[in-house]
C-alpha cells in the first residue's frame with residue numbers, strides 16, 4: 001500500500017514539477033507495476049518515444065512493451081492524459097494475457113470475444129471508420145477500464161484542474177462514441193461492427 005501511495009503522489013504537481021524526464025518516465029513505470037498486479041498479468045516495459053501527437057500509445061504484445069508518446073513526460077498538463085493512456089494500453093496487455101496465455105476460455109467467455117476482435121481488428125486508419133474502431137469490443141473495454149481507473153483518483157487529484165479536465169474530456173468521449181456510432185451506423189451498429197471484424201479477419205487469415 002505504501003508503494004502505491006508514494007507512486008500516485010508522484011503525479012501531484014508539486015512533486016512532478018521537480019522531476020527530470022527520466023524520473024517522470026520511471027513514475028509511469030511504477031504505475032504500470034501497480035496496474036499489472038491489479039490485473040494479475042505480467043508487468044510491461046514502458047518506453048517513451050517521439051510520436052505524432054495523434055498517436056498516444058501502443059501495446060506491443062510480442063515484446064510486452066507499452067509505447068507512450070514522449071509528450072506525456074515533457075508537458076505537465078498532459079500527465080493525467082498519460083495516466084489514462086497507460087491504463088488503456090495496460091488493459092490491452094491484460095486482454096492479450098487472457099486471450100493467448102490460457103487464462104480464460106469457454107464459449108461465452110470474454111476471451112473468446114476479444115480473441116475474435118484481435119483476429120479481425122479494425123485500425124480506424126481511415127477517418128470515416130472511427131466508429132468501427134472505437135466501438136469494437138477490445139477498444140471499448142480498454143476505454144471503459146481506463147476511465148474508471150482515472151476517476152477513482154478524484155479524492156487524490158480532485159483539486160488539480162488538469163486532472164478534472166482530463167476526466168471530463170475522456171468521459172465525454174466515451175459516451176459520445178456510442179451516440180456517434182448510432183448516428184453513423186444505425187441502431188444495429190454492433191452487428192455492423194461484428195460483420196466488419198469478420199471481413200477484416202477473412203482478409204488477413206485466408
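Tabulated values for the structure
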quantity: Nearest-ten-degree value, helix 137-151 long axis tilted from longest Cα axis of the chain; calculated: 20 degrees
quantity: Candidates 161, 196, 110, ranked by Gaussian network fluctuation over the chain, Cα under 10 Å, top entry; calculated: 161
quantity: Per-selection Kirkwood Rh - the chain (Cα, Å, 1 d.p.); calculated: 18.0 Å
quantity: Most to least packed among 48-56, 67-75 [average Cβ atoms within 10 Å]; calculated: 67-75, 48-56
quantity: For the stretch 25-90, alpha-carbon Rg over 2.2 N^0.38 Å; calculated: 1.02
quantity: Crossing angle, helix 189-205 versus the chain [Cα axis fit, 0-90 degrees, rounded to tens]; calculated: 80 degrees
quantity: Within a Gaussian network of the chain (alpha carbon springs, distance under 10 Å), most fluctuating of 60, 103, 167; calculated: 103
quantity: Rounded to 10°, Cα long-axis angle of helix 21-39 versus longest principal axis of the chain; calculated: 50 degrees
quantity: Among beta bridges that DSSP assigns inside the stretch 2-205, antiparallel share in %, nearest 5; calculated: 45 percent
quantity: Theoretical FRET efficiency, 1/(1+(r/R0)^6), r = Cβ-Cβ of residue 71 and residue 5, R0 22 Å, to 0.05; calculated: 0.25
quantity: Protection proxy ranking of 131-143, 11-23 - average other beta-carbon atoms within 10 Å, highest first; calculated: 131-143, 11-23
quantity: Centre separation in Å (Cα based) which lies between the stretch 48-125 and the stretch 129-168; calculated: 14 Å
quantity: The chain: most fluctuating residue of 62, 186, 102 per GNM, C-alpha cutoff 10 Å; calculated: 62
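Throughout, read-outs are computed from the coordinates displayed, never taken from laboratory work. Since we're looking at a predicted model, the values are computed, not measured. Every residue, glycine among them, receives a Cβ derived from its backbone with ideal geometry; neighbour counts consider all protein chains shown.
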